[in-house]
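Working notes for the structure below.
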Amino acid sequence: MVVFFGLLLLEIVSLGLCFVAIRQLYAYINRYRFDESVYTLLFGMIRLRYFVSFYVFLIATSALMGLLFLFSYLRFGA
């Protein structure tokens with residue numbers, strides 16, 4: 001049971017840090033706004049909103065897989 005609650009807490013903290021990081025990122029962008037160009041894009045081609053969307057997708061997928069693991073642990077685990 002300790003493993004279950006530890007992993008659940010880890011997932012909650014991960015989602016919380018994702019939210020805080022995105023909020024801080026957009027606060028910084030709004031404070032120092034400048035036009036996007038080839039020179040400001042990530043690797044010269046990736047817009048920031050695509051990068052953030054991919055980051056949120058990966059964190060959400062990781063949390064979902066973790067939850068599936070946790071519930072399978074409760075069902076089949078010790």
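Starting from the range 29-41, take each residue that is loosely packed, with under 10 Cβ neighbours inside 10 Å and list its partners that are assigned to a loop (DSSP other than H, G, I, E, B), counting only C-beta distances under 6 angstrom and pairs at least six apart or across chains.
Filtered contacts from the range 29-41: Val38/Gly44.
Modelled with pLDDT under 85, of a type in the set (S, T, N, Q) and more than 30 Å from Met1 (Cβ to Cβ), is that true of Ser53?
For Ser53, the condition - modelled with pLDDT under 85, of a type in the set (S, T, N, Q) and more than 30 Å from Met1 (Cβ to Cβ) - is not met.
Got a sec? Which of Phe19, Phe5 is of a type outside the set (S, T, N, Q) and either at pLDDT 90 or above or on the phi > 0 side of the Ramachandran plot (or both)?
Just a single option satisfies the conditions, and that option is Phe19.
Filter the range 1-27 down to the residues that are more than 18 Å from the chain's Cα centre (by Cα) and part of a helix (DSSP H, G or I) and list them by number.
Hits for the range 1-27 are Val2, Val3, Phe4, Phe5, Gly6.
The values are calculated or read from the model by the stated rules, or taken from the named source; none is laboratory data. None of these values were measured; they are calculated from a predicted model. Here the Cβ is made from the backbone with ideal geometry for all residues, glycine too, and neighbour counts use every protein chain on show.
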